[in-house]
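Below is one structure, written out as C-alpha cells; comments come after it.
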Amino acid sequence: MRLSPGCHALNTVASTVLRHNFRKVFMALYQKDTTVKRFPVVDRGPSHYEEIAGRALENSINHLNPYFANKLCGSEGAVEFRDGGVYTYDTHGKRYLDCLGGYGIFNVGHRHPKVIAAVKAQLDQVCLHSQDLLNPWAAHLASQLAAIAPGDIQYAFFCNSGTEAVEGALKLARLYTGKTEIISTRNAYHGVSMGALSATGRDCFRKPFEPLLNGFTHVPFGDIKALEKAINKNTAAVILEPIQGEGGINVPSEGYLRKVRQLTKKKGVLLILDEVQTGMGRTGRMFACDHEGVVPDIICLAKALGGGVMPIGAFMASAKVWKVLEPNPSIHNSTFGGNPLACTAASATIEVLMEEHLPARAAVMGNHFMRRLQELKAKYPKHIMEARGRGLLIGLEFTSQALRCEVQTELFHRGVLVAATMNSNRTIRIEPPLIITESQINFMIDTLESILSEITDVPQDEPEVTVKPVKKLVKKLVKKTVKKAVGKPAKKAAKKPVKGKASVKKTASKKSSSKSKAKTKVSAKAKSAPKAKAKKAKKAK
Ligand SMILES: Cc1ncc(COP(=O)(O)O)c(C=O)c1O
C-alpha cells in the first residue's frame, strides 16, 4: 500500500515518539504491576475493620461491578468477615442467622470442623492433581456417591459447578441417544452456560443471549400431558428439577416424578434429574427423587456437595449410559474437575451428612418450620400468599414483590439472611444449614412475625404496563365480532388487527346488504376496541 507524503511524515513522527517512549511506557506498566499489593482481609483487630469494609465497597464498585453501590441500601454495605455453624458475621461483629444457606451450599453448616480438617490435611499432601497418575481422592468420592445415589447410578464425572454438571449431563444424553432435542420446564433454572441456559426456562436470562442451542422445548412444570405431547422421535432427554428451586420452590403434585419416569421409559427418552439444589439431604432425603423412589438415567449434583468449603459439581449415570464415554474418556473433561481438595471436602461432607443424620433432620426441622409458617400465613393473609416446600427447601411467597423486598431488608437489619428466588420475585427462599435448631427456627419466625405486624399498609406492586396483551385483546375481540356478524370463521379478517378493520369491512360488504348494519357495527366495535381492551386490562389488574 502506498502512503501519501503527509501520512509518511506522521508515521515517522509516531514511530519516533513510540520508540522513545516505549521504555517509559513499559516501565510505567511494569511499575503499575509491581506496586499492586495484596490487601489481606484478615483479623487485625477492630481498628482495621472500617478499612476492610471501605476497601471492600470501593473495590467491588470499581472492579467487580458498579452495581455493588446498591448494596449500600438494603444490606447497607455490610461486609462479610467470618462464619461458623448457622451464622455469618460482618466486620462490625453483627451476627446473621443464615436462612439463605449461600443459595443452598451450607447443608452441613458453615465451616464444619470435619470438612475443614480434611481440607487442611489435604493441603499438606496434594492440592491439585498431576492429571497423569490415578487420582485416589476422586475415585474414593465416586465410590461414596455410587453407594448413596439412587438405583444403579454408578459412575461420576467431577466438575466445578452446577452449570457444568448440567452441561455435561446434556452432552452425555446426546451422545448416548444420538438424538439432539431436550425437553425442559418453564421457570426451570439449570445454569448459565449456553447449553444449561438453553434448558433454563426464564426469558430474562435467555433473551439477551439468543439464539441459544436448537432443539430445546419448555413445558409447564408438573404437567405430564404437556410433557407427553412434547416428546418426539428426536427427543434425547427430559431434564427436570424434582422441586423447582429458583423458579420459586415449586413442589409438583405427588406422583408427578414417578409419572415422568414411566413416560420417559416408555418413550425411550433419558431422564436427567438436576439435584444441584435439592440434593445432599436438603429436602429430607439424600436426594429429592428418593421421596418417590425414582431412579433417573443421569443425575446432576453441586452446591452442598462441597460442604460449603470447596466448589465441586458432578454428573452421574449408570454403567449402561456411561458406556458411551468409555472409548474416549477425555471426550468431556475439566482440568480442575475432581481435584483432591474439592474431592476431599465432598467425601468428608458425605460422611457428616450420614453420621449426623442430616437428611432426616432436615425433614423434622422442615416440618416445624412449615407448621410455624402456615400459622403465620393464617394470621397474615394480606401479607403471605403461600408457604411451600419440602424439608428445609422452603419458599415463602408474599402478596407483592414490594412487600417481599421490605420484609427481606428488615429481616437483614434484624439479623436474618434470606433472599428472593431467581425466577420468582415475590418469593423468598428459606434454605438454612440442615443443622439449624428448633429455637433458631423460632427466632426466625418470631422476627418475621414482628416485622409483619408492623407492616399494616401492605405495599402493592406497580401494575406492569404492557402493550402486547392489549393488542391480543383487540385481535380476539375483532375475531369474535367478525365471526358473529359475518357468520364465518374470521381467520383472514383477524390476521392483522389494524388492517383487520379494512378487511372486516371488505368481507362484510361482499355479503348481502342486510349485513351492512353488522359491518358498521363491526367497524365501530373494532374502533372502540382499544378502549374496551384497556378497560378490560385495567379490570384484570
Ligand atoms: C437446580 C440448579 N441447577 C443448576 C444451577 C447452577 O449452579 P451453579 O450456580 O453452581 O452453576 C443451580 C443454581 O442455582 C440450580 O439451582
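Please treat every number below as a calculation from the coordinates, not as lab data. Predicted model only: the values in this text are computed from it and were never measured. Here Cβ is always computed from backbone atoms with ideal geometry, including for glycine, and neighbour counts include all displayed protein chains.
Relative contact order of region 358-454: 28 percent, from C-alpha pairs under 8 Å at least 6 residues apart in sequence. Length available on full extension from residue 92 to residue 126: 0.36 nm per residue minus the Cα-Cα distance, which gives 8.6 nm. Extension gain for the segment residue 375 to residue 450, taken as residue separation times 0.36 nm less the Cα-Cα distance, is 25.6 nm to one decimal. Entry note, region 113-355: relative contact order of 30 percent, from Cα contacts under 8 Å with a spacing of 6+ residues. What residues of region 437-461 lie in the reach of a label at residue 382, counting those whose backbone N is under 20 Å from a point 7 Å from the Cα along Cα→Cβ? Within reach of a label on residue 382, which here means backbone N under 20 Å from a point 7 Å along Cα→Cβ, region 437-461 contributes 448-461. Put the Cα centre of region 253-310 next to the Cα centre of region 192-217 and the gap is 22 Å. Between residue 437 and residue 37, the modelled labels are 4.4 nm apart [label points 7 Å from Cα along Cα→Cβ].
For the residue pairs 207/267; 233/320; 229/265, the C-alpha atoms sit more than 19 angstrom apart in 207/267; 233/320. Once both labels are positioned 7 Å from their Cα atoms along Cα-to-Cβ, the gap between residue 114 and residue 186 label points is 4.4 nm.
Exposure proxy ranking for 351, 58, based on other Cβ atoms within 10 angstrom of each Cβ and starting from the fewest, stands as 58, 351. Shown is the FRET efficiency for residue 331 and residue 351, computed with R0 = 25 Å from the Cβ-Cβ distance and rounded to the nearest 0.05: 0.20. Ordered by the number of other Cβ atoms lying within 10 Å of each residue's own Cβ, fewest first, 164, 50 fall into the sequence 50, 164. Placing pseudo-labels 7 Å out from each Cα toward the beta carbon at residue 232 and residue 140 gives an inter-label distance of 5.0 nm. Cα centroids of region 79-95 and region 429-443: 16 Å apart. Extension gain for residue 462-residue 205 works out to 90.3 nm (0.36 nm per residue, less the C-alpha to C-alpha distance).
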